[in-house]
Every structure is written in structure tokens, then in C-alpha cells.
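What follows is a single structure, written as C-alpha cells, with notes after it.
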Amino acid sequence: MSETTPAPTRSGRPRIEARAEASILHADLDSFYASVEQRDDPRLRGRPVIVGGGVVLAASYEAKALGVRTPMNGGAALRLCPHAIVVQPRMSAYAEASKAVFEVFRNTTPIVEGISIDEAFLDVSGLRRIAGEPIDIAHRLRAEVLEQVGLPISVGIARTKFLAKVASAVSKPDGLRLVPPDGELDFLHPLPVERLWGVGEVTARTLHDHGITRVGHLAELGEPVLRSILGPGAARHLFALSWARDPRRVETGRRRRSIGAQRALGRHLRPPDEIEAYLHGLTDRLGRRLRAADRVCRTVVLRMRFDDFTRATRSHTLPEATDHTETILRTARTLLATATPMIQERGLTLIGLALTNLEDADAVQLTLPFDPHATNTLDSTLDNLRQRFGSTAVTRAALINRGEGISVPLLPD
């Protein structure tokens, strides 16, 4: 169904050429959590809605118009929008809505690549004879999501995944944007550099310091100049995107290479034992996900956000892949200990944990001796209890009266 054709490069490796027509769709639900709340409670429609208490998990467009953003502190959000209606998150409702939307996606085309629970890429090339032009397919997709699930969705259409995603973002809320092949640079170059994948706050600030504010400015500089500003890897990546070069296909069945979870802590001081307790909870949660997906990890990454909104990470790669909670926790605690002086100096507002370099559990090379890991019996028992009676059926003593935090709905691991 793909319209890409391989062509040889100088090294002899095949190159994926750009497809001839705009046939990749990026479908993205608008303010997903808040839209579900407005769908289910008519009193909330047309009014500013904030999902979450201490931290903003989602905001309706009425609240966003007044400056409310995620993951803003709840108090700061209410100062910007004092008449906002704050609702507690209902994760089961969001998971059910996501499942229904992805059913619409899969009824549209068999080639669906989920990015998160509220967005996906769809490849509709080759469907013209049975379903019409890509823009007609996109119109029907939006209508079916609204009719069957009751949610607004924005769709971008382009030759590449990158441009399709940018187009859907530009079309929000509840819009549709087609980027024709002969209009790609006219669409892309006037946009701010922040629209490029890989341009976060730090990179944007560096580019702005050099007078680069638009994608077109970056494209005109050339890769050698960018290399001196950003380094070779980032320069190559951003220069290619600035000229709309993105050869990646829409892929199905790809398993993710990392999983993560995080816990917002607010801006008041947290004692070290409380921070460590939250780290324990994150480790338990990720360990369950690993084992449920029959995966193992090699690298543990600690993520932190400080009171001044700066961020830092610490990581450690294990000698062999594991799904053993105690091994992961021991590594995470070591990373936290090394970061403690920084936390005491700058304050901690968010702690996160990620497990990366994931592999399938049945593909791991066995090590001698081939004895079963008896300690995994505890993990299995706890997993079974939580699966039967809910994730809070068994918890660590350190988390009593603190909770494990919100478990956000996720795509399958």
C-alpha cells in the first residue's frame, strides 16, 4: 500500500524516497480529557474546564484561551482563570474513549501507528479506488469520530509524518489541514522553529539567540552553520525537517523502546523519605507494565523537574536486562541519592522514572546458572493481586496516605 520506492545511495543502502501524494494522516483529539468531560456533562460545554487539582492534566480551549496550560500548577491556573470548573480525572472514561476512537482509525485503514492514547498516524495510500482521495477519507474520519465517540478531532494530511503532525496542530481546534506536495515549503517556512521536532525550550533559546526564529531562517542557514550552533546530530536532523525531508513510514506492530511514569509533587518542600516513597511507587508501576508486556529493560532513567522549572536526568545501564522490581528499585534509589544535593539546593516539583532499551523477555540471552529467579515469585504474586483486585489492592507502607498517583491510560506496551 505504500507509495515509497527504494533508490540506491552512494553507500549502496536503499533510500526511502518521498511519496508522490499527501496520503499520511495525523489524527489528534482536541484537549482529550477535557473534551471527554464536556461530552459527558452538558453543563461544562462552552465553559473553561480544568482536569486535575494540584496539577493541570488537561484544559478545555476556553481555559487555554486565558493562558492555562499543562502541566501547570493548579493554583497558578486558577489565578489565570478564576471562573474555571475543576474536575477530577476519570481515567477509565478516557481509556474507553480512546479505545472507541482507535476502532474508527482501524476501520479507516489497516495501517495505523498509535503515538499516544489520543493521536495516531494513518497511511491511506492505495485506498483511492475504494475510499476516495485522502482529504475525503479525512473528512469522513472526523465525522465518524464525532458521531460514534462524540469527540472533536483535528487531522493533518501530508506526504510525511512530520508535516502531517504539524498540519494537525495548526488546524486545531476541530480542524482539517491538507499540505499539498507543491506547497510544503510555503506552509512550513513561515512557522516558528518550535514547530520542528526536537526543538524544545533550550534549543529554541539557542536558535533565538542567533536570530533564528522561523523555520525558513533555519533552512536558509545551511547545515554547516547549524552544526556550529547546535552540533552535528541536531543540525542534520533539524535541517532535514526544515526542508520537509522525513522518510519514515507509518509502521504498525512496532513495540516501544521505553516506558515511563512520573509524579507531580507541587512546589512545597518534600522530605527525602517522601520523595523516595514516590520513587518506590513509580518503580512498582513500571515493573508491572514490564512483566505484563513480557518485556525487560537494560537502562533506568531518573527524570527531575526543579522549582525553577529546569530539568535534569540521571541514568544507569544494567549489566543484563531485567524485569525484577527490586533490581530496578535499587538502581533508581542509587540515582536518586546522587541527585539529592541538587534536589536540596533547587527543590523538586516532579519526579519521573523511565525504563529504556527494552527487549522482549523471551529473546534475552540466558546467563549461567539456569536457575529460576526465586525472588520473582513476589513480583508475580503482587502482579496477580493487583490484576484481580485493582492497582491499589497492595501498596508499599511508605505510600499509605500518599497514594500511588494517577495512572494515565496508555497504549499497549
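Numbers below:
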| item | result |
| --- | --- |
| Subset of the range 166-198 [part of a helix (DSSP H, G or I), buried (at least 21 other Cβ atoms within 10 Å of the Cβ) and touching a strand residue (DSSP E or B) at 6+ places or on another chain (Cβ under 6 Å)] | Ala167, Ser168 |
| Subset of the range 198-252 [under 30 Å from Asp123 (Cβ atoms) and of a type in the set (A, V, I, L, M)] | Val199, Val215, Leu218, Ala219, Ala234, Ala235, Leu238, Ala240, Leu241, Ala244, Val250 |
| Residues (surrounded by fewer than 23 Cβ atoms within 10 Å (Cβ to Cβ) and out of contact with any Leu (no Cβ under 8 Å at 6 or more places or on another chain)) located in the range 131-159 | Ala131, Gly132, Glu133, Asp136, Arg140, Ala143, Glu144, Leu146, Glu147, Gln148, Val149, Gly150 |
| Subset of the range 336-356 [touching an Asp or Glu at 6+ places or on another chain (Cβ under 8 Å) and of a type outside the set (A, V, I, L, M, F, W, C)] | Arg346, Gly347, Thr349 |
| Selection from the range 239-265 of residues that are within 18 Å of the chain's Cα centre (by Cα), crowded, with 21+ Cβ neighbours inside 10 Å and either hydroxyl-bearing (Ser, Thr, Tyr) or in a loop (DSSP other than H, G, I, E, B) (or both) | Val250 |
| Restricting the range 199-231 to residues that are part of a helix (DSSP H, G or I) and basic (Lys, Arg), the residue that is nearest to Ile153 (Cα to Cα) | Arg205 |
| From the options Phe370, Phe306, residue that is of a type outside the set (D, E, K, R) and modelled with pLDDT of 60 or more | Phe306 |
| Candidate set from the range 70-104 (those that are more than 30 Å from Gln148 (Cα to Cα) and either among the aliphatic types (A, V, I, L, M) or in contact (Cβ under 8 Å) with a residue 60 or more places away in the chain (or both)); member that is surrounded by the most Cβ atoms within 10 Å (Cβ to Cβ) | Ala77 |
| Filter pass, Arg330 being among the charged types (D, E, K, R), out of contact with any His (no Cβ under 7 Å at 6 or more places or on another chain) and either in a strand (DSSP E or B) or within 30 Å of Thr203 (Cβ to Cβ) (or both) | no |
| Single match in Gly132, Gly200 (criterion: among the small types (Gly, Ala, Ser) and over 20 Å from the mean Cα position of the chain (by Cα)) | Gly132 |
| Candidates His268, His316 - the one that is in contact with a strand residue (DSSP E or B) (Cβ under 6 Å, 6 or more places away or on another chain) and either more than 30 Å from Leu221 (Cα to Cα) or part of a loop (DSSP other than H, G, I, E, B) (or both) | His316 |
| In the range 287-303, residue surrounded by the fewest Cβ atoms within 10 Å (Cβ to Cβ) [restricted to those that are small (Gly, Ala, Ser) and at pLDDT below 90] | Ala292 |
| Flag for Ala77 being in a helix (DSSP H, G or I), assigned by TED's automatic domain parsing to the domain that holds Val166, within 30 Å of Phe162 (Cα to Cα) and not hydroxyl-bearing (Ser, Thr, Tyr) | no |
| Number of the condition not met by Val202 [criteria: (1) surrounded by 15 or more Cβ atoms within 10 Å (Cβ to Cβ); (2) free of Cβ contacts under 8 Å to residues at least 24 places away in the same chain] | (1) |
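The values are calculated or read from the model by the stated rules, or taken from the named source; none is laboratory data. Since this is a predicted model, take the numbers as computed values, not measurements. Neighbour counts are summed over all protein chains in view; Cβ atoms, including those assigned to glycine, are modelled from backbone coordinates with ideal geometry.
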